[in-house]
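Just below is one structure, and these are the notes that go with it.
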Amino acid sequence: SAVISQKPSRDICQRGTSLTIQCQVDSQVTMMFWYRQQPGQSLTLIATANQGSEATYESGFVIDKFPISRPNLTFSTLTVSNMSPEDSSIYLCSAGIVTGELFFGEGSRLTVL
Amino acid sequence: SQQGEEDPQALSIQEGENATMNCSYKTSINNLQWYRQNSGRGLVHLILIRSNEREKHSGRLRVTLDTSKKSSSLLITASRAADTASYFCATPMYNDYKLSFGAGTTVTVRA
């Protein structure tokens, strides 16, 4: 299993600003992912965080808006850039191991005013 | 895009009763997973069932998988107040580790 720590756990941000969310895993994992969960909705995959290279983004998500870093096997960051109220969501870091199941952080709840 | 669709969207039961929720998916899969989310927090992995399995148990949880109907069910027996949560099915995207989540079923267990 893996324990995932995310911070901040919540934040209130002003329109037009950017916020970086950090994700730390307590063990080396194969895959790391970032999901978004809009209010009352399910999870949508933003991107796969690739160690030492550019993230792989899903349709509808772009690097300029959601830059992601993964400098090593256990750490990743997601930045939400130039925020608008539509970006108010829970952002979840997850990590996968070879068994296929995902482990999740507690999420970062962002409110954009 | 979401591959899994769940029903019902919401379920309210009395403590001690069983709760059943269903998940349907569209394309062939090699496994299907169920997760629980308490009150907007992180997701907790419950169970993974592989495409060559028809039924799997874990404590009070029973999961079935019917690949011919592209559907799965999650049964929670003898429910408790602590089972109040949202439950999501998830299937692999592109046959790799990325998961696509269904819309979820919100379960409320009344004391």
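Bear in mind that the values in this text are calculations on the coordinates, not laboratory data. Everything quoted here is computed from the prediction, not taken from an experiment. Using ideal geometry, Cβ is built from the backbone for each residue, glycine included, and neighbour counts are taken over all protein chains shown.
If you run the Gaussian network model on chain A, springs between alpha carbon atoms under 10 Å, then out of A:LEU43, A:LEU19, A:LEU73 the most flexible one is A:LEU43.
Distance between the C-alpha centres of the stretch A:90-112 and the stretch B:8-52: 17 Å, rounded to the whole angstrom. Using θ = phi - 60° in the Karplus curve 6.51 cos²θ - 1.76 cosθ + 1.60, the 3J(HN,Hα) couplings for the stretch A:21-35 round to 9, 10, 9, 10, 9, 7, 8, 6, 10, 6, 10, 10, 9, 10, 10 Hz; x is entered for Gly and Pro. Note: relative contact order over chain A, using C-alpha pairs below 8 Å and six or more positions apart, is 38 percent. Legend note: in the protein assembly as shown, cysteines whose Cβ sits 4.7 Å or more from every other cysteine Cβ are A:CYS13. Run the numbers on chain B and let me know its relative contact order in percent, using alpha-carbon pairs under 8 Å that are six or more apart. Dividing the mean separation by the residue count of chain B yields 39 percent.
Do me a favour and compute the ellipsoid semi-axes for chain A from its Cα gyration tensor, root of five times each eigenvalue, largest one first, whole Å. List each step's numbers first, then the result.
Values: eigenvalues 98, 41, 32 Å².
Values for chain A, descending: 22, 14, 13 Å.
Placing pseudo-labels 7 Å out from each Cα toward the beta carbon at A:ILE12 and B:GLN9 gives an inter-label distance of 3.0 nm. Within the same chain, lysines fewer than 8 places from A:LYS65 are excluded, and of the rest, those with a Cα less than 24 Å from its Cα are A:LYS7, B:LYS98.
With contacts taken as Cα pairs under 8 Å and at least 6 residues apart, the stretch B:35-97 reaches a relative contact order of 32 percent. Under 13 Å of direct C-alpha separation, and excluding same-chain neighbours fewer than eight residues apart, B:LYS56 reaches these aspartates and glutamates: B:ASP66. Converting phi to 3J(HN,Hα) with the Karplus coefficients 6.51, -1.76 and 1.60 and the offset θ = phi - 60°, the stretch A:64-70 yields 5, 8, 10, x, 10, 10, 8 Hz in sequence order, with x at every glycine or proline. With 0.36 nm allotted per residue and the present C-alpha distance subtracted, the B:ALA81-B:ASP66 stretch has 2.5 nm of extension available. Fraction of C-alpha pairs exceeding 23 angstrom in the protein assembly as shown: 47 percent, rounded to a whole number. Scanning residues 5 or more positions from B:ARG60 or on other chains, none has an amide H under 5 Å from its amide H, with H placed 1.01 Å from N in the peptide plane.
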